[in-house]
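Data block below; observations after.
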Amino acid sequence: MKHYSIFALLALAVFVSCGTTRQTPQEKSAAEARTAQSIQKMLDERSYQIDVYYMIPMRGGSKSVTTYSITVDGSVIDSHLPYMGDAHNIPYGGGKGLNFNEEIASYEDQGVKKDCHTIVINVKNEEDTYVYTLGIFDNGEVSIHVNSRNRDDISYLGRIVMDYKK
């Protein structure tokens with residue numbers, strides 16, 4: 001009997017907690033608008049961080065990843081991304097790959113289409129030239145495509161950090 005009462009108590013707790021966290025359509029719409037507004041502000045200030053959770057190489061299988069990110073802070077990009085793919089002309093030992101902190105050569109905000117901001121960042125270091133194309137959605141999800149002269153293209157999925165502070 002004690003076993004059934006514990007089960008009933010847990011079921012009641014789940015039911016109550018699920019019922020109290022529901023948002024009305026108006027609350028949900030207002031929250032989405034606040035998120036979109038916060039993202040626009042970060043993009044306007046060029047001060048944001050994207051945490052990457054999935055990598056999609058040109059060859060081989062896609063893979064979940066953790067502890068990788070891109071940070072844009074004014075005219076600097078701090079890239080810490082894993083790389084899988086063919087490299088054509090790189091330093092012995094693999095070089096830096098997509099792990100560097102460099103000045104941004106050009107930054108272009110191509111505007112918003114269908115709730116997605118497109119940002120194109122060109123950056124060059126002593127090893128290679130890179131083009132980062134970011135698709136930043138109003139809900140905070142991000143798609144990243146990295147094109148390089150000396151490596152195969154690679155893509156990532158991530159999420160913009162809403163409480164990012166310099």
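The values are calculated or read from the model by the stated rules, or taken from the named source; none is laboratory data. Note that the coordinates shown come from a computational prediction; the quantities given were computed from them, not determined experimentally. Heads up, the Cβs are rebuilt from the backbone with ideal geometry, glycines too, and the neighbour counts pull from every protein chain shown.
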| request: Please specify each residue of the range 37-83 satisfying the condition of being surrounded by 14 or more Cβ atoms within 10 Å (Cβ to Cβ), among the small types (Gly, Ala, Ser) and either at positive phi or in contact with a His (Cβ under 8 Å, 6 or more places away or on another chain) (or both). | output: Ser69
| said: Quick check on the range 155-165. Is at least one of its residues surrounded by 15 or more Cβ atoms within 10 Å (Cβ to Cβ) and of a type in the set (Asp, Glu)? | reply: no
| Mind checking which pairs have a first residue in the range 122-138 that is part of a strand (DSSP E or B) and a second that is of a type in the set (Asp, Glu), Cβ under 8 Å, 6 or more apart or different chains? | Val123/Glu102; Val123/Glu103; Lys124/Glu102; Phe137/Asp115
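What is the residue count in the range 125-146 for residues that are closer than 12 Å to Gly97 by Cα and either surrounded by fewer than 17 Cβ atoms within 10 Å (Cβ to Cβ) or among the aliphatic types (A, V, I, L, M) (or both)?
4
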| message | So, Asp128, is that one of a type in the set (D, E, K, R) and under 18 Å from the mean Cα position of the chain (by Cα) or not? | response | no
| query | From the list Tyr130, Tyr107, which one is farther than 23 Å from Thr35 by Cβ and not charged (D, E, K, R)? | reply | Tyr130
| said: Looking at the range 27-53 only, could you name the residues that are over 19 Å from Asp73 (Cα atoms) and of a type outside the set (Asp, Glu)? | reply: Lys28, Ser29, Ala30, Ala31, Ala33, Arg34, Thr35, Ala36, Tyr53
| request: Sort out which residues of the range 83-94 are at pLDDT below 75 and not polar (S, T, N, Q), and write them in order of number. | output: Ile90, Pro91, Tyr92, Gly93, Gly94
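Would you call Asp109 surrounded by 13 or more Cβ atoms within 10 Å (Cβ to Cβ), free of Cβ contacts under 8 Å to residues at least 24 places away in the same chain and either touching a Cys at 6+ places or on another chain (Cβ under 8 Å) or not aliphatic (A, V, I, L, M) (or both)? Reasoning before the result, please.
Details: surrounded by 13 or more Cβ atoms within 10 Å (Cβ to Cβ): yes; free of Cβ contacts under 8 Å to residues at least 24 places away in the same chain: no; either touching a Cys at 6+ places or on another chain (Cβ under 8 Å) or not aliphatic (A, V, I, L, M) (or both): yes.
So Asp109 fails the test.
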| Out of (1) outside any loop (DSSP other than H, G, I, E, B); (2) exposed (fewer than 14 other Cβ atoms within 10 Å of the Cβ); (3) among the aromatic types (Phe, Trp, Tyr), the odd one out for Phe100 is which? | (2)
